Amino acid sequence: MCLWFASAYQGDFHVYLNGAHDLFSGALYSRSTRGELFTYPPFAALFFVPLAHMASSIAAQVIWALLNAAALVGLLDVSIKAVRPHLTRRSRRLWVLGLSAPALLFDPVLLALRDGQVDVLVTFLVVWDLIGGRRLGGKTAPQGVATGLAAAIKLTPLIFVPTSCSLSAPRKRGVVSQPSASPKPLHLPSRPAPHRRTGPTTCSTTRGWAAISAYRGCSPRPIRVSSERLPGSTTGRSPPDCS
């Protein structure tokens with residue numbers, strides 16, 4: 001379909017070609033092509049200089065159509081990779097080949113290919129810069145370069161320049177410094193103080209002292225039990241056996 005469109009007259013493409021011819025003549029914005037003036041930045045005319053010096057305009061249209069088709073495929077690839085990043089490269093390429101034909105039926109894509117416009121290429125540059133990996137061989141292109149190149153061809157992508165700057169600028173505001181993860185001190189239970197009783201010693205008291213002494217790591221002190229009658233005991237009874 002791209003080659004079929006390239007075989008016919010493309011109005012916008014000829015405006016670009018005439019702008020490339022008039023780039024250094026001083027008539028860039030005064031000469032009309034079938035009633036249409038060149039209304040793009042001068043870099044757009046410079047971009048089409050290699051195509052303007054070709055022997056045939058049909059050959060230049062064919063090359064431009066192939067370049068638009070490659071930009072459409074690249075746009076689909078970057079979009080699918082952003083939406084489904086877990087897909088393998090082979091699966092992503094199959095999706096791109098399957099969606100490239102239906103994408104040609106969309107009216108913006110169809111008009112851009114029929115008239116030889118720059119919209120598909122400009123869209124690919126912006127999307128590749130904002131959500132793509134920006135990989136060129138083994139290197140990564142800086143953020144905003146592709147968007148600036150697209151804006152030099154057509155002024156519409158200038159609306160994405162603030163977005164590109166905000167994505168590439170380091171975020172210093174709103175950053176909360178987190179404390180260093182230092183280990184918390186381990187609080188061991190303190191040794192219980194021995195419970196001192198001022199009354200007479202019984203069997204439970206003796207066993208309690210023995211347990212406390214064993215916990216503190218020392219031998220229990222011998223406890224002497226008086227042979228006198230304890231309060232609450234009957235006459236003639238011996239003190240309780242604490243052995």
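Coordinate-derived values only; no laboratory data. Quick caveat, the model's predicted, so the values are computed rather than measured. In this analysis, Cβ positions are derived from the backbone assuming ideal geometry, glycine residues included, and neighbour counts consider all displayed protein chains.
Which shape class, rounded, prolate or oblate, goes with region 37-98 when its Cα gyration tensor gives a ≥ b ≥ c as root eigenvalues, a/c under 1.5 marks rounded, and past that a/b bigger than b/c marks prolate?
Because a/c hits 1.5 or more and a/b exceeds b/c, region 37-98 counts as prolate.
Hey, fewest Cβ within 10 Å first, where do Ser25, Ser91 land in order?
Taking fewest neighbouring Cβ atoms as first place, the list is Ser25, Ser91.
Once you keep just the Cα pairs under 8 angstrom separated by 6 or more residues, what percentage relative contact order results for region 1-137?
So the answer I get is 31 percent.
Which of Leu125, Val161, Leu94 sits closest to the plus end of the dipole of region 2-168, meaning its Cα is farthest towards the positive end, when Lys and Arg get +1 and Asp and Glu get -1 on the C-beta?
Leu94
What does the C-alpha gyration tensor say about the overall shape of region 2-168? Classify as rounded when a/c is under 1.5, otherwise prolate if a/b is larger than b/c, or oblate.
oblate
Based on the alpha-carbon gyration tensor of region 82-136 and its eigenvalue square roots a ≥ b ≥ c, which shape applies: rounded if a/c is under 1.5, prolate if not and a/b is larger than b/c, or oblate?
Taking the square roots of the gyration eigenvalues as a ≥ b ≥ c, region 82-136 is oblate.
Provide Tyr29, Tyr16 in ascending order of the number of other Cβ atoms located within 10 Å of each residue's Cβ, fewest first. Present the calculation step by step, with values, prior to reporting the outcome.
Working: Tyr29 14, Tyr16 25.
Taking fewest neighbouring Cβ atoms as first place, the list is Tyr29, Tyr16.
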